[in-house]
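Trainee: After the structure tokens below, expect a handful of questions from me.
The values are calculated or read from the model by the stated rules, or taken from the named source; none is laboratory data. Keep in mind the model is a prediction, meaning the values are calculated, not measured. As a convention, Cβ positions derive from the backbone with ideal geometry for all residues, glycine included, and neighbour counts pool all protein chains shown.
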Amino acid sequence: MTITRRNGLILGAGALAAPFVMRGAPALAKAEMLGVSRPDHMRFKHGDFEVTTIFDGAVQFDGPHPIFGENQFPDDVAKLVKAHNLSAEKMEVGFTTTIVNTGKELVLFDTGNDPTKRPTAGKTRAHMAKAGYAPEDVDIVVLTHFHGDHIGGLMVDGKPAFPNARYVTMANEYDHWIGRENALVLSNVKPFAEKMTFIKGGQDVVSGITAIDASGHTPGHSIYHVESGDARVLITSDTANHFVASLERPDWHVRFDMDKEAAAATRRRVFGMLAADGIPFIGYHMPYPALGFVKENGSGGFKYTPASYQMFIDG
């Protein structure tokens, strides 16, 4: 047999294990297959606040091209993602909602998918329960924008999913979608108009949570700076929808961006600021638990690094 690096390693491992193999030992019962398991929530202290990311679920598509790099050659997109050990044929898009507990208000950012339309997602309320929160606990629901994976969880069986909440969104986002008479917005958002506060960039949701205009993905797409004491984190929603394609190449077009050039400019602006200041961010479609950092990659884009233990260090 030809010895290669791979089978050499295997043979070496077998040689080490061989002395411990007992001939004639009775066969042990095999463990039952339990199926795929994924974390459903993650919480960290943020100054005097607590921040919890909630896994709403995920869907798989063909891609990343042409969903990402819509204006690029397929081979160029394939080369980039393969360099990051990702498939060029299949991709997964995850969804992460976020809860901020200020000690006075429980604030939920976006509501996830409608599980009747996406059976592998729409798990925000179920996973909130595992994190210790009931739907009735939510004081404020912030809607970053009105795409279906963000507003699909507003209603359950035709009733408010978060019955005690008031709602916050950007005024121009609401006006745009209501003006288009979008069916999902009419059924899931419009009923809350009387309980909704319409804001602009620079205004506070509550003390310590400030809206930032991040338009491009949609006309009123918003992101939120969350600050308590010296702790800062940015909830970036859909500013970047893929941790490689959208960050390494922020100018690449994304199918879901309504204004492609404005969205690219917003990516450069927002992640340039995050890179310069070393601020962590929570991205709605980043790999769960969706918390990480960026640095400039030297090619006009950004390199994503998932958070590890930074948020759990005492003091």
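Trainee: For the stretch 252-279, which positions are assigned to a loop (DSSP other than H, G, I, E, B) and either surrounded by 21 or more Cβ atoms within 10 Å (Cβ to Cβ) or at pLDDT below 95 (or both)?
Mentor: Residues satisfying the conditions are W252, D257.
Trainee: Looking at (1) farther than 25 Å from P135 by Cα; (2) loosely packed, with under 13 Cβ neighbours inside 10 Å; (3) of a type outside the set (V, I, T), find the lone condition where D175 falls short.
Mentor: D175 satisfies all of (1) farther than 25 Å from P135 by Cα; (2) loosely packed, with under 13 Cβ neighbours inside 10 Å; (3) of a type outside the set (V, I, T) except (2).
Trainee: Out of (1) out of contact with any helix residue (DSSP H, G or I) (no Cβ under 8 Å at 6 or more places or on another chain); (2) farther than 22 Å from Q310 by Cα; (3) surrounded by fewer than 16 Cβ atoms within 10 Å (Cβ to Cβ); (4) not β-branched (V, I, T), the odd one out for A134 is which?
Mentor: Exception for A134: condition (1).
Trainee: I need the full set of residues from the stretch 141-171 which are more than 18 Å from T236 (Cα to Cα) and touching a residue at least 60 places away in the same chain (Cβ under 8 Å), in order please.
Mentor: G153
Trainee: Those residues that are under 10 Å from W252 (Cβ atoms) and either among the acidic types (D, E) or crowded, with 21+ Cβ neighbours inside 10 Å (or both), I need them from the stretch 62-79; list them, please.
Mentor: Residues satisfying the conditions are P64, H65, F68, G69, E70, D76, V77.
Trainee: Then there's this: Out of the residues in the stretch 257-282 meeting the condition of being without any contact (Cβ under 8 Å) to a residue 12 or more places away in the chain and of a type in the set (A, V, I, L, M), tell me which one is nearest to G216 (Cα to Cα).
Mentor: M273
Trainee: Which numbered condition in (1) over 28 Å from P39 (Cβ atoms); (2) touching a strand residue (DSSP E or B) at 6+ places or on another chain (Cβ under 7 Å); (3) charged (D, E, K, R) is the only one that K295 fails?
Mentor: Condition not satisfied by K295: (1).
Trainee: Shifting gears a bit: Looking for whichever is at negative phi and at pLDDT 95 or above here; the options are G153, G122, G112. Which one fits?
Mentor: On inspection, the qualifying residue turns out to be G153.
Trainee: Can you tell me which of G112, G63 is under 29 Å from Q310 (Cβ atoms), in contact with a strand residue (DSSP E or B) (Cβ under 7 Å, 6 or more places away or on another chain) and among the small types (G, A, S)?
Mentor: Result: G112 is the single residue among G112, G63 that is under 29 Å from Q310 (Cβ atoms), in contact with a strand residue (DSSP E or B) (Cβ under 7 Å, 6 or more places away or on another chain) and among the small types (G, A, S).
Trainee: Still on this model: Looking at V185, V205, which is the one that is surrounded by fewer than 24 Cβ atoms within 10 Å (Cβ to Cβ), touching a residue at least 24 places away in the same chain (Cβ under 8 Å), among the hydrophobic types (A, V, I, L, M, F, W, C) and not in a strand (DSSP E or B)?
Mentor: Of the residues listed, the single one that is surrounded by fewer than 24 Cβ atoms within 10 Å (Cβ to Cβ), touching a residue at least 24 places away in the same chain (Cβ under 8 Å), among the hydrophobic types (A, V, I, L, M, F, W, C) and not in a strand (DSSP E or B) is V185.
Trainee: Another question, then. I'd like the full set of residues that are surrounded by 16 or more Cβ atoms within 10 Å (Cβ to Cβ) and of a type in the set (G, A, S), limited to the stretch 280-315.
Mentor: G283, A290, G292, G301, A307
Trainee: Which residue is surrounded by the fewest Cβ atoms within 10 Å (Cβ to Cβ), if the candidates are limited to the stretch 101-120 and must be touching a helix residue (DSSP H, G or I) at 6+ places or on another chain (Cβ under 8 Å), assigned to a loop (DSSP other than H, G, I, E, B) and not acidic (D, E)?
Mentor: Among those that are touching a helix residue (DSSP H, G or I) at 6+ places or on another chain (Cβ under 8 Å), assigned to a loop (DSSP other than H, G, I, E, B) and not acidic (D, E), it is K117.
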